[in-house]
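Chemist: Provided herewith is a single structure, encoded as C-alpha cells, for subsequent inquiry.
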Amino acid sequence: MWWRSASFILDRQQEQNTNLPPNPESLLLSSPPPSMADSLQNPKPDISAYYQTRAAHHAVVTSDWLAQAQAAVSVQTNDDVSSGSDGRVAPTCGGTGGDNKTFSVIDEFNSWRKQPDLAEAVAAIRALAAVIRASQATTMMELEIELKKASDSLKAWDATSISLTAGCDLFMRYVTRTSALEYEDFNSARYRLIERAEKFGEISYKARRIIAMLSQDFIFDGCTILVHGFSRVVLEVLKTAAQNKKHFRVFCTEGRPDRTGLRLSNELAKLDVPVKLLIDSAVAYTMDEVDMVLVGADGVVESGGIINMMGTYQIALVSHSMNKPVYVAAESYKFARLYPLDQKDMGPALRTIDFGVPIPSKVEVEKSARDYTPPQYLTLLFTDLGVLTPSVVSDELIQLYL
Amino acid sequence: MDPRRTARTVSDPKVRQVGFFTPAPPERSISDPPRFQDPIQPPSPSSTQVNDQSPSGNSLSPVMIPPAHHHSDNFLRTALQATSPPKAFSYSAKTVTIPPENEDVASSFSPGRKVVSAKSPSSFPGVKASSVPASELTTVSVVNLPPGISEKAGGASVEVQNDRPVSAKTLKEKTSKAERRALQEAQRAAKAAAKAEGTKASSAASKVVTSANTKPSKATKPSSQKNDGSQVAASEKKGGDRAPEKDRKKDAPHPRMQYDDKSRVEKAKKRAVVKQTEARNRVELFRHLPQYEHGTQLPDLETKFFELDPMHPAVYKVGLQYLSGDIRGGNARCIAMFQAFKEAIKDYSTPPEKTLIRDLTARISSYVSFLIECRPLSISMGNAIKFLKNRIAKLPLALSESEAKSMLMLDIDRFINEKIILSEKVIVKHAVTKIRDGDVLLTYGASSVVEMILLHAHELGKHFRVVVVDSRPKLEGQLLLRRLVRKGLSCTYTHVNAVSCIMQDVTRVFLGASSVLSNGTVYSRVGTACVAMVAHAFCVPVLVCCEAYKFHERVQLDSICFNELGNPDAISKVQGREEINYLDGFVNQENLQLLNLIYDATPSDYVSMVITDYGMIPPTSVPVIVREYRRDHLWS
C-alpha cells in the first residue's frame, strides 16, 4: 500500500491533466438520451418507485432531459417531472400512482422525497409525522392504529424500497414501545412523537457526519478507493477525507443503467479528488491497484450482508478473492429485518435498462436493480453506531426490534 | 440435644474419636471440635451434661456469626467452621439410621425409626445466632424417638437419638467412660450392619442408610442460609438428611463427567441405580464418554422399582423410556421429562419441617440424576431443568404448599406451551417464507420442527419436493418419510452416502438441531455436519431450525469433548441380514473398537441461518439471543 503512495503522486498529476476534465462532459453528453429512452420505452409499472425517483434525483443531466421528458408527457412520467419542479406537484401524482385511502401519506412522502438531500427513511418518517399531525385520534391506541395503516400503505406503495420499510418500522417501533407513551396526557405524547419525527431528518444527517468521521481512520494517504454507485454517505466520507487533506484517489465504476458512477465522479472532481472512471466490467482488471472498496447500501440485512446496487456483489467477490477490504457506509436506519438467503430471495426491484438499441422481444432482459452481498464478503460496516463487523448488525437489530 | 453434644467436649476426645470414626475416617478431615462432638453424640446419654452445660446460647442457630467467646474453645472452633452445623449433623446422621432417599424428615414417615432430631442448631453452641430465637429449637425437634431412647430435655431441648442399639440407654443417665465406650462399640457394629444394608437400595419401609460421606464442604450450604428460626431449623434438618441425598447427587454422573477418570467412575457406579455395564473396547479418543452395553439393564431396573422409593413412578417410567429409546428427540424427551416432573410435583407433599423450596429442589435433582443414569441429558433438557429449578427457587415463601405446587405445574405447562409448542409454530411461520415454488428441500434425520415446516408449506399449496436423507443405524428418516408421503408430499429418500450426488438438485437444506451453542456451532444428530458441509460446498443455503430454549452458552469446537455414545452393536450388526453380519464374533476382539456416536457439531461456517422463535438470525447472533433472553427464558 505504502509503496504505491509514491507513484501515486505521479499518477495523480497525470490523471489530473488527462483524465478528469473530459469525464464530466462526456458524461453530460452521453447520458440524456438513454434516460429519456427509458421513460419512453418502458411502462412505469415495471419500475420500482424507488428507482423512479432515484433516476429523477440522480440523473446527471436534468434540464434538457426534463424538457424532452415533458414534451413526451405522459401521466406516468409525472413522478419524474415533479422532481424537477417542487414538491407541490406531488399530490397529484400520488393520486394517480398509489391508491391512497388516507389523507394520503403517500403524497406527503413523495413531497418529502423530492428533496434531494433527504433520505427515503427520513421522508417516510416525516410523512408519518404528518399523519400524526393530521390525525383526529384522541387516544394513543387510535393513533397507533392510524399510523399502522399509514405505514402499511406506504410500505405497500413501494415494497422494493428497503429503507422506506425500515424507516416505517423504526418509527412504528418508536411509537409503540417507547417512553413517549409514558406521557401523562395524549397531547404531549403526540407532540413528542411529532417532534421526534422532525428531528429524524437531522439525525439522519448527523448519522452521515458520524460515519464520515469514523471512516477517516480507514482512509490513508496514498490509498486508492473503488466506489460503486452513488451514495450520499460515501460521498460524505470522501468529501470529509478530501477536506482533511488526505491524498487518495478514487475509482468510480460507471454504474450502468443509471450511470450513478458518473454523477459521483462529477461530484468528486468538484472536490479536486483524482477520479478515474471504469466501466463496470473493468473492476477485476483494476482491482490490484485498489486498496479498498467502499460502497453504500440500500439496506443492511439481518445477516450483516447488504442489498445494494447491482454489481456490488461481484465487486465484493472480486475484492474478496484479491484480499482487498470491502467497507460499507450505511446509516443505521437502513438496517432491515430481512434475511435473504440468496440473490433471488427478495422481491426484485425492477428497473429499465437501456441498451441503446432496440432489443428483440424474444430476448429476455435482467432488470433487477440490486443484488445481495453476503456478509462473508464484507469487511466492515461504517455506521452511526460505530464501525461494525457484519455479525453485529443482527445484534443491533435484535435489540431494536425484539 | 445438639447443644449438649457440644457440651460433651468435656469427655475426653480420644474415646469419642474411636467411637465415631470407625467407618469413614477419611472424611473427617474436619477440625477437631466437630469430631469431639460427634463421638459424644452417639452416647447422647450424656445429654444430661449437655443440659447442664448448654446455656441458652447453645440453642442458637448455626448461622455463621462470629462465635461467642464464652464457650469452650471447641465451641468456638466449631462455630468458626461455617459449615459446622451441617457437619455435626451429618455425623450424627451417620450414627443414626435415616431413610436414605427421603432426605426429608424421616420422622414423619416412619415412626419406628430414630431420626436425628434437628438439633443441629443447638449443637453448635459456639455460634450465636442472635437472629435465631430459642423457639426454633422447638420447631426443630420433631423426632420420633425409638421407644427405648427417649429423652427430652425440656420443651426447648431437642432429643437426640443415637443409634438404635444404643438406644437402650436412657440418654439422661450419665455414662461412665467405659460405658460410653461400650456404647460406641455397639454403635459401630450397628453402623456397619446398617451400612451393609444401606448399600442395597434402602427398602421403602425402613432402610437404614448410613450417610456415606459427610464432607465438610457440604456443611457450607446450610450455614449459608440465614432465615428466620424456623427456616434455619428446617434447613438444618435438611442438611442432616440431605447428606445421603447429596451423595446421590454428587455421584450421579455429572452431565459432563469424564469417564476416563477411574476414581470418579467408580464412585458414580456405586451410586448408580441403573447398573450399566460398560462396553469393553472403546475408541481411544472417546474414553471420556460413558458407553454401556445396552439392552441388559432393563429387567434389572424393573426389579429395582420397589427399592427406589423416592423415585416417582412417572419419572421412573420416563427414565425407562429414555433407556429403551422409546422417547427420543430433544423436544419429546424434554416434554416427557417435564410431564413426569409435573406428576411428581402433583403428588409431592412437603415433609414436615422442610421447606418446599429446598426439599423439592433436592428431589428434582435426584430425579434428574436418575434420568442421567438412564441416558445423558440433552442440552435442551438441561436448560429446562435449569428453568424449573429457578422457578422453584423463586417461589415466594408465603405461598402455601398447594399454591406453590399449582404454580409450579402452571409454570411447567407454560414452558411446554411457550418455549416448545408455540415457538415451533413461530419457527414454522418464519421458515415457510423461505420456501418457494419449485424448491427442492433436503432434510436429514427426523426433526419435528422440520416436519411441521414441510407439512405447513404443503398445506399452503407450495409446490416443492423433499429429499429425506437418512442414515444407519436409527433410520429415523423413514418415520418422517412415512408421514410426509402419507400427506401427499413428493419425496425422495436416500442415505447419507449419496448426499453429494443429490445435493446438486437441492435448493434449501433444512436441519433440526439438538442445540445451538454460543459460537454458532450446531449440535445435532450425527451426520448433520456432513450434510451441511456438502450443502455448503454446493452453495446451497443451510437453514437450521431450533427453538431458542435449546441454545446454550457453551462453546464447543469439535464433537469429541462432549458427545454421547450409542450402542456399538447397532453399527456392527444389521438386523435381519444374517448374510452380512461379518463382524459376528469379532465384537469382543481386543483390537476392534466400535464407535457409534450420537451427535456431531457443525461449525457455524456451514450454517446460513438459524431459525428460532426470535426470527431468522445468523448463527453469529446466537450468543446475542442467549445474552438478551436468558432472563426471559428463566422467567426470573
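Quick grid of which residues meet (1) within 14 Å of chain B (Cβ to nearest Cβ); (2) at pLDDT below 90:
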site	(1), (2)
A:324	no, no
A:347	yes, yes
A:351	no, yes
A:358	no, yes
A:372	yes, no
A:377	yes, no
A:395	yes, yes
A:401	yes, yes
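Chemist: Which one of these is under 27 Å from residue B:514 (Cβ atoms) and either in the same structural domain as residue B:404 (by the TED database) or at pLDDT 90 or above (or both): B:372, B:357?
Modeler: Selected residue: B:372, the only one of B:372, B:357 that is under 27 Å from residue B:514 (Cβ atoms) and either in the same structural domain as residue B:404 (by the TED database) or at pLDDT 90 or above (or both).
Chemist: Which condition breaks for residue B:600 when tested against (1) more than 10 Å from chain A (Cβ to nearest Cβ); (2) more than 33 Å from the chain's Cα centre (by Cα); (3) assigned to a strand (DSSP E or B); (4) of a type outside the set (Ser, Thr, Tyr)?
Modeler: Every listed condition holds for residue B:600 apart from (2).
Chemist: Oh, and also: Can you go through A:197, A:212, A:269, A:297 and tell me which one is away from chain B (no Cβ under 14 Å), crowded, with 22+ Cβ neighbours inside 10 Å, in contact (Cβ under 8 Å) with a residue 12 or more places away in the chain and farther than 18 Å from residue A:381 by Cα?
Modeler: A:197
Chemist: Right, another one. Could we say that residue B:431 is buried (at least 17 other Cβ atoms within 10 Å of the Cβ), at pLDDT 90 or above and assigned to a helix (DSSP H, G or I) here?
Modeler: yes
Chemist: Residue A:248 passes all but one of (1) within 30 Å of residue B:609 (Cβ to Cβ); (2) buried (at least 21 other Cβ atoms within 10 Å of the Cβ); which number fails?
Modeler: (1)
Chemist: Ok, one more. Step by step: first the residues of segment B:557-607, then only those that are of a type in the set (Gly, Ala, Ser) and surrounded by fewer than 12 Cβ atoms within 10 Å (Cβ to Cβ), then the one that is nearest to residue A:341 (Cα to Cα). Which residue is that?
Modeler: B:576
Chemist: From the residues in segment B:393-423 that are among the small types (Gly, Ala, Ser) and part of a loop (DSSP other than H, G, I, E, B), which one is surrounded by the most Cβ atoms within 10 Å (Cβ to Cβ)?
Modeler: Step by step, filter segment B:393-423, then rank; the result is B:400.
Chemist: Out of B:369, B:365, which single residue is in contact with a Lys or Arg (Cβ under 8 Å, 6 or more places away or on another chain), closer than 26 Å to residue B:626 by Cβ, buried (at least 21 other Cβ atoms within 10 Å of the Cβ) and not aromatic (Phe, Trp, Tyr)?
Modeler: B:369
Chemist: Give the residue that is farthest from the chain's Cα centre (by Cα), with candidates limited to residues of segment B:444-474 that are among the aliphatic types (A, V, I, L, M) and part of a helix (DSSP H, G or I).
Modeler: B:457
Chemist: Among the residues of segment A:326-342, what is the count of those that are basic (Lys, Arg) and either out of contact with any Asp or Glu (no Cβ under 8 Å at 6 or more places or on another chain) or within 14 Å of chain B (Cβ to nearest Cβ) (or both)?
Modeler: Looking only at that region, the number is 1.
Chemist: Identify, please: which residue in segment A:300-312 is over 14 Å from the mean Cα position of the chain (by Cα) and part of a loop (DSSP other than H, G, I, E, B) and is, among those, farthest from the other protein chains (Cβ to nearest Cβ)?
Modeler: Once the filter is applied, the top-ranked residue is A:311.
Chemist: Out of B:610, B:622, B:540, which single residue is under 28 Å from the mean Cα position of the chain (by Cα), buried (at least 21 other Cβ atoms within 10 Å of the Cβ) and either within 14 Å of chain A (Cβ to nearest Cβ) or part of a helix (DSSP H, G or I) (or both)?
Modeler: Being under 28 Å from the mean Cα position of the chain (by Cα), buried (at least 21 other Cβ atoms within 10 Å of the Cβ) and either within 14 Å of chain A (Cβ to nearest Cβ) or part of a helix (DSSP H, G or I) (or both) holds for just one of B:610, B:622, B:540, which is B:622.
The values are calculated or read from the model by the stated rules, or taken from the named source; none is laboratory data. Since the model is a prediction, treat every value here as computed from it, not as a measurement. Cβ atoms come from the backbone with ideal geometry, glycine included; neighbour counts cover every protein chain shown.
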